[in-house]
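Asker: What follows is a structure written as structure tokens; I'll ask about it next.
Bear in mind that the values in this text are calculations on the coordinates, not laboratory data. On a predicted model such as this, the values are computed, not experimentally measured, just so you know. Glycine gets a Cβ as well: all are built from the backbone with ideal geometry, and neighbour counts include every protein chain shown.
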Amino acid sequence: MRLLLLVAAMIAASSPLHSQAQFRPRKLIQQRRQIRQNHPWRIAPQLPPALKKALGAVGTIRYQGTRVIETRNGLNRQQHTEYVLNDGMRSRIEFPEDSPLHGQIIIETASERLHYIPGRNVIERGPPVVDEAYARLAQRAANGNVVVTEVPGGAVANVPTELVTLTNKQGETLQKLWIEPGSGMILKRELYTRGGVLSASFEFTQVNLNPRIDPTDWNLPRGARIVTPEIKLVELIRRGGFADVRLPADSPYKLEAARVQKIADRQVLVQQYAGNGRRVVLYQTKAAVDPGQFVNLPNGVRTFAWRSGASSFVLMGDIAENEIQELGHRMGG
Amino acid sequence: MKHRTEMDEREVDMRLAAPGQIQVREAVQALPEETVSLAWRSELNVRLRQTAARKRRLDLYGWIWKPTAGLAVAGALAVALFVHPGVGGSAGNGALERGLVNQYIETTTAREIAADGMTPNEAKDSSDSSSNPFDWDQEDVGATL
């Protein structure tokens with residue numbers, strides 16, 4: 001009898017844990033499905049299976065790897081290496097010891113991007129950016145003027161891949177993706193200019209699709225000062241004597257970065273905004289700008305330019321003509 | 001001879017004592033006595049001194065205003081030759097406009113390829129300043145993690 005009571009007590013005691021253990025994966029699956037549904041892109045049904053898998057895996061995939069990123073600035077190509085840890089919508093990025101970026105850490109979650117810069121003991125906090133890359137890919141692949149093909153792609157980082165190629169109607173390659181078909185992980189990606197020149201790429205040189213992730217992997221050093229793009233913008237405006245003109249707060253585009261950049265020997269205040277997989281940039285300079293020069297722009301880029309006081313403003317983005325005009329008018333254009 | 005001389009003197013005295021002569025003498029004596037004035041000369045001296053002082057001042061500042069005027073003329077010429085009215089300081093050859101479009105394309109491409117990784121602009125911004133580009137203070141940044 002005592003034994004029976006003991007067993008009953010043990011079952012009663014363990015039942016909440018048991019039910020919780022059963023409930024957790026379901027809740028996790030629901031959360032991940034919700035995350036997938038919240039993505040600002042639609043997976044076109046006609047896409048090849050590997051690309052569909054890749055677009056569907058965003059927000060759920062787990063991996064750890066070493067990634068080499070190459071970008072092009074004019075004719076100059078530059079590379080850097082990153083160590084990446086990814087768990088669904090969270091990622092942590094660090095840099096090798098021999099990199100000038102060593103010590104910096106980037107943590108991105110579904111709601112924010114934190115960039116720790118040890119030299120200044122600062123954390124730059126902005127909106128998350130990862131969705132933009134996949135939103136653009138989904139938009140481009142769903143474009144009726146783009147042909148998407150899939151063939152075996154060989155091994156990347158010792159992992160077999162499928163090669164998905166996007167070409168335009170003229171047969172020019174727009175981009176290539178090497179995708180691990182089981183997980184949907186994009187192991188290598190290349191983007192090309194309109195003339196067929198490689199403009200940017202990344203490649204994983206090592207990958208682990210089943211990493212052990214510790215909760216402390218999402219920690220950053222304590223005591224660092226938080227700097228937002230808005231704080232940076234206010235300071236740049238104050239120090240550079242620029243006009244305080246920015247995108248309306250209720251627009252769908254959030255300020256991602258602000259910097260003063262020398263463009264064609266002119267000091268230009270650059271405000272980068274992103275949202276809905278689109279990118280909008282507001283330029284401000286003391287020099288005059290000729291709107292008539294903005295013709296035959298690539299990739300559906302549109303502009304709206306105006307002059308106010310001693311400053312010229314150019315709003316540039318891959319958004320609809322009426323939307324860019326409305327935004328420009330609201331800022332005084 | 002001596003007699004003739006005495007005769008002449010007597011005749012002269014007689015003629016001077018004539019009523020007509022006396023009348024003329026009285027009229028001359030009645031005229032007001034005038035003294036010669038040099039005031040005009042004094043005024044002239046004052047004016048000459050003022051003019052000389054002004055000239056000395058102009059000569060003294062000449063080395064400032066002459067080069068300044070030269071620079072002003074040269075500047076005006078340069079503005080007229082190289083700055084086109086209505087362009088407001090723009091190079092006017094489309095370089096700035098092309099630069100803005102290239103900046104947009106390059107940053108958009110970099111973000112698309114880097115995804116959650118680091119873009120060249122972020123790398124530059126973060127490594128530009130082993131020292132801080134801004135002297136943030138606690139009030140500026142508001143919070144700490």
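Asker: Taking each residue of A:86-98 in turn, how many C-beta atoms of other protein chains fall within 10 Å of its C-beta, and what is the average?
Answerer: For this peptide, the per-residue mean of nearby foreign Cβ atoms is 1.
Asker: So if I place +1 on the C-beta of Lys and Arg and -1 on the C-beta of Asp and Glu, and nothing else carries charge, what would the dipole magnitude of chain A be about its Cα centre? I want it in debye, nearest 20.
Answerer: 600 debye
Asker: Using Cα atoms only, what is the angle between the long axis of helix A:229-240 and the major principal axis of chain A, expressed in degrees (0 to 90) to the nearest 10?
Answerer: 20 degrees
Asker: Considering only DSSP states other than H, G, I, E and B, which GluC sites (Glu not before Pro) in segment A:59-110 qualify as loop sites with at most 16 other Cβ atoms within 10 Å?
Answerer: Details: sites: A:Glu70, A:Glu82, A:Glu94, A:Glu97, A:Glu108; in loops: A:Glu97.
Filter output for segment A:59-110: A:Glu97.
Asker: Provide the net charge surrounding A:Pro45, with neighbours chosen by a C-beta distance below 15 Å and charges set as Lys +1, Arg +1, Asp -1, Glu -1.
Answerer: Result for the neighbourhood of A:Pro45: +2.
Asker: Follow-up. Ranked highest first by the average count of other Cβ atoms within 10 Å around their residues, in what order do A:146-158, A:117-129 fall?
Answerer: Values: A:146-158: 14.4, A:117-129: 19.3.
Those peptides, ordered most packed to least, come out A:117-129, A:146-158.
Asker: If you don't mind, there's one more thing I want to ask. I'd like the distance between the alpha-carbon centres of segment A:234-269 and segment A:67-144, rounded to an integer number of Å.
Answerer: Here the two parts' Cα centres lie 22 Å apart.
Asker: Peptide A:130-136: average number of partner chain Cβ atoms within 10 Å per residue?
Answerer: Partner-chain Cβ atoms within 10 Å, mean over residues of A:130-136: 4.
Asker: Under 14 Å Cα-Cα from A:Lys52, which aspartates and glutamates qualify once same-chain neighbours fewer than 8 residues away are excluded?
Answerer: A:Glu150, A:Glu162, A:Glu180
Asker: How big is the gap, in Å, between the Cα center of segment A:175-225 and the Cα center of segment A:149-174?
Answerer: The distance from the Cα centre of segment A:175-225 to that of segment A:149-174 comes to 16 Å.
Asker: Let me ask another. Does chain A come out rounded, prolate or oblate by the C-alpha gyration tensor, with a ≥ b ≥ c the root eigenvalues, rounded set by a/c under 1.5 and, if not, prolate when a/b is larger than b/c and oblate if not?
Answerer: Note, shape of chain A comes out prolate.
Asker: Next up: Alpha carbons only, please: Rg and Dmax for segment A:229-330, in angstrom.
Answerer: 13.0, 35
Asker: Going by alpha carbons, how many degrees (0 to 90, nearest 10) lie between the helix axis of A:130-142 and the longest principal axis of chain A?
Answerer: Result, in degrees: 80.
Asker: Work out the FRET efficiency for A:Thr205 and A:Asn322 from their Cβ-Cβ distance, taking R0 = 35 Å, and round it to the nearest 0.05. Present the calculation step by step, with values, prior to reporting the outcome.
Answerer: Numbers: r = 45 Å, r/R0 = 1.29.
Working from the Cβ atoms, E equals 0.20.
Asker: Roughly what angle does helix A:2-37 make with the longest principal axis of chain A, taking Cα atoms, 0 to 90 degrees, to the nearest 10?
Answerer: The two axes meet at around 20 degrees.
Asker: Hey, another quick one. Work out the FRET efficiency for B:Asn102 and B:Ile64 from their Cβ-Cβ distance, taking R0 = 35 Å, and round it to the nearest 0.05.
Answerer: Details: r = 48 Å, r/R0 = 1.37.
That pair, B:Asn102 with B:Ile64, gives E of 0.15.
Asker: Right, something else. For peptide A:109-121, how many partner chain Cβ atoms fall within 10 Å of a residue's Cβ, on average?
Answerer: 3
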